[in-house]
1. Checking the structure you have, find out if any residue of segment 147-164 is without any contact (Cβ under 8 Å) to a residue 24 or more places away in the chain, open to solvent by less than 50 Å² (accessible area, probe 1.4 Å), among the small types (Gly, Ala, Ser) and assigned to a helix (DSSP H, G or I).
2. Please state which of the following conditions Thr122 fails to meet, knowing it meets all the rest: (1) closer than 30 Å to Leu45 by Cα; (2) part of a loop (DSSP other than H, G, I, E, B); (3) among the hydroxyl-bearing types (Ser, Thr, Tyr).
3. Restricting to segment 31-56, name every residue that is under 22 Å from Met79 (Cα atoms), open to solvent by 60 Å² or more (accessible area, probe 1.4 Å) and assigned to a helix (DSSP H, G or I).
4. Go through Ala141, Ala136 for me and flag whichever is out of contact with any helix residue (DSSP H, G or I) (no Cβ under 7 Å at 6 or more places or on another chain), among the small types (Gly, Ala, Ser) and either open to solvent by 60 Å² or more (accessible area, probe 1.4 Å) or part of a loop (DSSP other than H, G, I, E, B) (or both).
5. Which ones in segment 126-145 are out of contact with any strand residue (DSSP E or B) (no Cβ under 8 Å at 6 or more places or on another chain) and over 23 Å from Asn116 (Cβ atoms)?
6. Quick check on Ala75: is it part of a helix (DSSP H, G or I) and of a type in the set (A, V, I, L, M)?
7. Does segment 86-105 include one or more residues that are touching a helix residue (DSSP H, G or I) at 6+ places or on another chain (Cβ under 7 Å), open to solvent by less than 70 Å² (accessible area, probe 1.4 Å) and not hydrophobic (A, V, I, L, M, F, W, C)?
8. So Ala18 clears everything in (1) under 30 Å from Ala141 (Cα atoms); (2) open to solvent by less than 90 Å² (accessible area, probe 1.4 Å); (3) of a type in the set (A, V, I, L, M) except one condition, right? Which one?
Amino acid sequence: DVEEVLQPSLVLRNNMLAVALLLMAAAVLFAFFMSRAITKPILQLYRGTEMIGAGNLDYKVGTQAQDEIGELSRAFDRMTTRLKTITVSRDALVQEIVERKRVEEKIRQQRLFLENTLESLTHPFYVIDANDYTIALANSAAKAAGFSEPTTCYALTHQRNTPCEGAEHVCPLVDVKKTRKPVVCEHL
């Protein structure tokens, strides 16, 4: 009988198909798990870059894997640590710049107030540097009265080439140098 003769071949064929299907199923499962093992660290690295890119410099990507992906993830962690240090330094610098601009603006406003106050005076007014007797500041009334820059107080008030000394005229700047306090004096 033909069926009897072909029976062992059919059994062998069926067994071979079963083994082939099992091997294909095993290969598919193996490929699935291998792809998961490969893509999982890459996805972790991707999520980490998204978190860091969003500004979370405290996020740690690092994995314990000893392959290239693990090394790359640890390099990301080192990079974020350095970025955090640079960002803190930059933020401190920005804060310092903001504070400096605030102080400069305050000084500018105080200088403007002082200039406006001096300009409102109807009589000549001078501010003298006690160190070298130079006139550091003069208002418009002083300029209208003949003051020209640069000059010294002794040249302006006494038409001298040297500071006033001795009993003929006691210079008030001598007291300023000793006491470190301003004085007001009037000359006609």
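1. Within segment 147-164, one or more residues are without any contact (Cβ under 8 Å) to a residue 24 or more places away in the chain, open to solvent by less than 50 Å² (accessible area, probe 1.4 Å), among the small types (Gly, Ala, Ser) and assigned to a helix (DSSP H, G or I).
2. (1)
3. Residues of segment 31-56 that are under 22 Å from Met79 (Cα atoms), as a first pass: 40-56.
The next check asks that each one be open to solvent by 60 Å² or more (accessible area, probe 1.4 Å); those that pass are 40, 42-44, 46-47, 50-51, 53-54.
The answer is Lys40, Ile42, Leu43, Gln44, Tyr46, Arg47, Glu50, Met51, Gly53.
4. Ala136
5. Answer for segment 126-145, where residues must be out of contact with any strand residue (DSSP E or B) (no Cβ under 8 Å at 6 or more places or on another chain) and over 23 Å from Asn116 (Cβ atoms): Ala130, Asn131.
6. On the way: part of a helix (DSSP H, G or I): yes; of a type in the set (A, V, I, L, M): yes.
The answer is yes for Ala75.
7. no
8. Failed condition: (1).
The values are calculated or read from the model by the stated rules, or taken from the named source; none is laboratory data. Predicted model only: the values in this text are computed from it and were never measured. Cβ atoms come from the backbone with ideal geometry, glycine included; neighbour counts cover every protein chain shown. When the accessible area is computed, the model is the full protein with side chains, heavy atoms only, and any ligands, DNA or RNA have been set aside. Shrake-Rupley method; radii C 1.70, N 1.55, O 1.52, S 1.80 Å.
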